[in-house]
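Okay, so here's the structure we're looking at.
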């Protein structure tokens, strides 16, 4: 019985050991299965990280360039490892980060190179660069119109020629008659040249000599049977100059014959040329010479009571010049604060009514502002 009990106990112990061993085997198998599944998951993760296409094998293959332009424009695509090599997930992730940084640097360098060299990209890869335009605010901005500045008037010469005869009233037959040619430049610029023509009647007078300033460029440039031409050199602004031409009067003109002379002139400045007529300077032929310091002028009536209008006239001024007037009285000069303008022939008509003048003799004075000629005539207030 003892042995049965021992056998029975051994059997039970053996059964328990077998059961324990079975349980131990099952536990080991479960742990093994767990590690196998874990390995499969890690392997799948590695394959998914390395593969570009799920259908492609889990190995890295070097991309193949399709043209020479690929190799030139995309130099960053280089083999990451040897053909067929594989990497762990961490290595692959770190390599991807490094490759991304390297490619970003290469792309930036490529763009800088393109900007510096201004090379047109190859047609294999289209490069779209946005057009640089001004902002709408800049496009719509309108520059203010500058404040207009008045243009300074063009500076020009303003030349006047006055002819003064000597003697100025009457000249004897077979005597010399000298004409003074007076030049005035009232302009704001110099006259480069002034040309004066003196037309004459060869039956009454003939030119015999001249007196001019050769150093200033003045000279007789022409003498014909009916005119003398005198050319004057440069005449500065606000300057004057004179020259003389002398004629001989014929021996047979009758008394009272008028020797008429009116100069015609032109002058040139930096802008162009202007032409004008001078004053009329007639002289009578007679038995001797008579002269005066003033141009001829008339008044009508010569004598009248105060309050009667007087008309003054002269035809010896320069055409279209401004003429001023005043009175010479026993007590001095009386300003009239009046002026007038000569017509195209140099004629002046001037009216004056001496309302407040006491009895006495007075003189009307007319002064040509451009010719510098002065006309004087006396009148009486009864």
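We did not get these values from a lab; they are worked out from the coordinates using the rules stated. The structure presented is a predicted model; accordingly, all values stated were derived computationally and were not measured. We place every Cβ from the backbone using ideal geometry, glycine too, and count neighbours over all the protein chains shown.
Quick notes on this structure:
- Using the Cβ-Cβ distance between residue 145 and residue 305 with R0 = 56 Å, the FRET efficiency computed as 1/(1 + (r/R0)^6) comes to roughly 0.25.
- The simple spin-label model puts a point 7 Å past each Cα toward its Cβ; for residue 369 and residue 270 those points are separated by 2.6 nm.
- Legend: calculated FRET efficiency, residue 382 to residue 291, from the Cβ-Cβ distance at R0 = 45 Å, rounded to 0.05, equals 0.90.
- Segment residue 353-residue 176, extension gain: residue separation times 0.36 nm, minus the distance between their alpha carbons: 59.5 nm
- Pairwise FRET efficiency - residue 246 versus residue 277, Cβ, R0 = 25 Å, nearest 0.05: 0.65
- Cα centroid of segment 213-251 to Cα centroid of segment 323-364, whole Å: 34 Å
- Cβ crowding within 10 Å, taken as a proxy for footprinting-reagent exposure, orders 36, 205 from fewest neighbours to most as 36, 205.
- Taking label points 7 Å from Cα along the Cα-to-Cβ direction, residue 216 and residue 202 give a separation of 3.0 nm.
- Difference of contour (0.36 nm per residue) and Cα-Cα distance, residue 338 to residue 169: 58.0 nm
- Per-residue extension of 0.36 nm, minus the Cα-Cα distance of residue 224 and residue 254, leaves a gain of 8.3 nm for this segment.
- From least to most packed, judged by other beta carbons within 10 angstrom and beginning with the fewest, 351, 201 follow the order 351, 201.
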